[in-house]
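For reference, the structure is listed below as structure tokens.
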Amino acid sequence: MKTIIKNILLLFTISLFISCSSYGDKEDFNGTEVYYKNGTTKEEAKKLGDFLVRSEFADGNPKSVQIVKNEETGNYVFRMVTNEKAQTNKTYEILFKALAMQVSDSVFKGKPVDFDVCNNVFESVKYLPFKESN
């Protein structure tokens, strides 16, 4: 019986470690989880989180975002967990692009920020590349 319990606890611990670590390191900002990995730093995640609080995106309601770098383009990628309505509605797409532009200007000194619309486990549903306004 002890062996079974030990194996279950070990499996649970491994699953927890794998599920948490795959999103990257995490900082919390007023209910918003900001994960970072793939070429981004804790300082960048903190700047992003501070911006999300100032802009009232981080409003105490639970949200999860992730900041990474696109290895091919070098662009930052703001990845956000969304619901199904936000994943398919064109109005949300406009809002997401506007948010990416704000993050670009306010957090990353005008460097391009792509937006990745994700499901609840950070799988990409729709990728919105950064386009500079003319």
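The values are calculated or read from the model by the stated rules, or taken from the named source; none is laboratory data. On a predicted model such as this, the values are computed, not experimentally measured, just so you know. Using ideal geometry, Cβ is built from the backbone for each residue, glycine included, and neighbour counts are taken over all protein chains shown. Just so you know, the surface numbers come from the protein's heavy atoms only, side chains and all, with ligands and any DNA or RNA stripped out. Shrake-Rupley method; radii C 1.70, N 1.55, O 1.52, S 1.80 Å.
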**Request:** Test T91 against the criterion of being over 23 Å from V121 (Cβ atoms), modelled with pLDDT under 95 and not hydrophobic (A, V, I, L, M, F, W, C), and give yes or no.
**Result:** yes
**Request:** Could you run through the range 56-82 and say how many residues are more than 17 Å from V107 (Cβ to Cβ), assigned to a loop (DSSP other than H, G, I, E, B) and open to solvent by 40 Å² or more (accessible area, probe 1.4 Å)?
**Result:** 7
**Prompt:** If K26 passes every condition in (1) in a strand (DSSP E or B); (2) closer than 17 Å to V107 by Cβ; (3) open to solvent by 50 Å² or more (accessible area, probe 1.4 Å) but one, which one does it miss?
**Reply:** (2)
**Prompt:** Looking at the range 23-52, which of its residues are within 10 Å of V68 (Cβ to Cβ) and more than 13 Å from the chain's Cα centre (by Cα)?
**Reply:** G39
**Prompt:** Any idea which of (1) open to solvent by less than 60 Å² (accessible area, probe 1.4 Å); (2) at pLDDT below 50 is the one K6 doesn't satisfy?
**Reply:** (1)
**Item:** the range 107-133, subset open to solvent by less than 70 Å² (accessible area, probe 1.4 Å) and aromatic (F, W, Y), residue farthest from E33 (Cα to Cα)
**Value:** F130
**Complete:** Scanning the range 36-49 residue by residue, the ones that are free of Cβ contacts under 8 Å to residues at least 60 places away in the same chain and within 15 Å of V103 (Cα to Cα) total 7
**Request:** With the condition kept exactly as written, say whether any residue in the range 83-106 is surrounded by 15 or more Cβ atoms within 10 Å (Cβ to Cβ) and not in a helix (DSSP H, G or I).
**Result:** no
**Message:** What are the pairs with Cβ atoms under 8 angstrom where one residue, in the range 95-115, is closer than 12 Å to Y76 by Cα and the other, located anywhere, is surrounded by fewer than 19 Cβ atoms within 10 Å (Cβ to Cβ) and among the small types (G, A, S)? Sequence gap at least six, or different chains.
**Reply:** M101/S133; S104/G110
**Fill in**
Residues in the range 29-49 that are within 19 Å of F115 (Cα to Cα) and either in a strand (DSSP E or B) or open to solvent by 40 Å² or more (accessible area, probe 1.4 Å) (or both) total 11
**Fill in**
For the range 75-93, the count of residues that are in contact (Cβ under 8 Å) with a residue 12 or more places away in the chain and under 24 Å from K37 (Cβ atoms) equals 10
**Asked** With respect to V65, is the statement that it is in contact with a Ser or Thr (Cβ under 6 Å, 6 or more places away or on another chain), within 17 Å of C118 (Cα to Cα) and not basic (K, R) true?
**Response** no
